[in-house]
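Visitor: Here it is, the structure, as structure tokens.
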Amino acid sequence: LWFMNHFRIDAALYEAYRSTRYSAWIGDEGLVLRVDEANPTLERLMRREGVTSGCFVTAWNPRGEHSDNGTNRNANAQLLVALQEKGWQVFEGEGKGEAGDWPAEASYLVLGCSMDDASGLCVDFRQNAVLWFASDAIPKLLLHPDLEVA
């Protein structure tokens with residue numbers, strides 16, 4: 001098994017996740033999320049849609065290891081089906097690191113999921129982390145439940 005009771009993530013990778021720009025498209029409007037930064041546009045969207053929490057998630061590059069585009073697209077298609085089956089509002093997006101040394105990852109902004117739901121997505125889609133936000137619209141980096149920073 002990949003995660004066995006508190007697998008450690010490299011501090012540099014953790015910081016890369018923290019500095020990534022998480023972008024989504026709401027109709028013609030762009031929305032850029034940053035870890036630990038309040039986002040008035042997200043807050044307005046949440047209020048408009050009547051939700052108090054959500055997440056930003058991808059199925060690309062499980063465990064933070066590079067996969068080919070076909071594998072990544074297939075995994076993300078499975079993620080989209082899972083999100084839609086839950087009845088959550090979903091918007092397309094991408095996560096792009098500041099350093100530019102890692103390709104952008106197709107992702108989804110999900111409205112209406114709980115913190116437990118977001119953590120479950122980490123487990124189900126073998127992701128090191130997702131962004132999760134509550135009614136304050138401040139995205140937090142939520143690590144896989146069996147992962148800790150080295």
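The values are calculated or read from the model by the stated rules, or taken from the named source; none is laboratory data. Since the model is a prediction, treat every value here as computed from it, not as a measurement. As a convention, Cβ positions derive from the backbone with ideal geometry for all residues, glycine included, and neighbour counts pool all protein chains shown. Calculation scope for accessible area: heavy atoms of the full protein, side chains included, ligands and nucleic acids excluded. Shrake-Rupley method; radii C 1.70, N 1.55, O 1.52, S 1.80 Å.
Visitor: Skipping prolines and chain starts, which residues have an amide H placed within reach, meaning under 5 Å, of the one on residue 9, given they are 5 or more residues away or on another chain?
Guide: 148, 149, 150
Visitor: Which Cα, out of 147, 56, 112, lies furthest along the positive dipole direction of the chain (beta carbon charges, K/R +1, D/E -1)?
Guide: 112
Visitor: Convert each backbone phi in region 49-55 into a coupling constant with the Karplus relation 6.51 cos²θ - 1.76 cosθ + 1.60 (shift: θ = phi - 60°), then list the ³J(HN,Hα) values in order as whole Hz, x for Gly and Pro.
Guide: Residue by residue, region 49-55 yields 8, x, 10, 10, 6, x, 8 Hz.
Visitor: Any chance you could run the full-extension gain for residue 140 through residue 47? It's 0.36 nm times the residue separation minus the Cα-Cα distance, nm to one decimal.
Guide: Additional length available on full extension: 31.6 nm.
Visitor: Taking amide hydrogens as modeled 1.01 Å from N in the peptide plane, which residues meet the under 5 Å criterion relative to residue 114, leaving out close sequence neighbours?
Guide: Residues meeting the amide H criterion: none.
Visitor: If you don't mind, there's one more thing I want to ask. Compute the convex hull volume of the Cα atoms of region 78-145, divide it by the residue count, and report the result per residue in Å³ as a whole number.
Guide: 99
Visitor: Summarise the accessible area of the chain (1.4 Å probe, protein heavy atoms) by the percent that is carbon and sulfur.
Guide: Answer for the chain: carbon and sulfur cover 48 percent of the accessible area.
Visitor: Continuing with the same structure: Please determine, in degrees from 0 to 90 and to the nearest 10, the orientation of helix 115-124 with respect to the longest principal axis defined by the Cα atoms of the chain, where the helix direction is its Cα long axis.
Guide: 40
Visitor: Please report, in whole Å, how far the alpha carbons of the chain spread along each principal axis, starting with the longest.
Guide: Principal-axis extents of the Cα atoms in the chain, largest first: 40, 30, 29 Å.
Visitor: If you don't mind, another one. If you place +1 on the Cβ of every Lys and Arg and -1 on the Cβ of every Asp and Glu, how big does the dipole about the Cα centre of the chain come out, in debye to the nearest 20?
Guide: The calculation lands at about 140 debye.
Visitor: Give me the extension gain from residue 32 to residue 16: residue separation times 0.36 nm, minus the current Cα-Cα distance, reported in nm with one decimal.
Guide: 4.2 nm
Visitor: Could I ask something else about it? Collect residues whose amide H, placed 1.01 Å from N in the peptide plane, falls under 5 Å from the amide H of residue 89; neighbours closer than 5 in sequence don't count.
Guide: Amide H neighbours of residue 89: 111.
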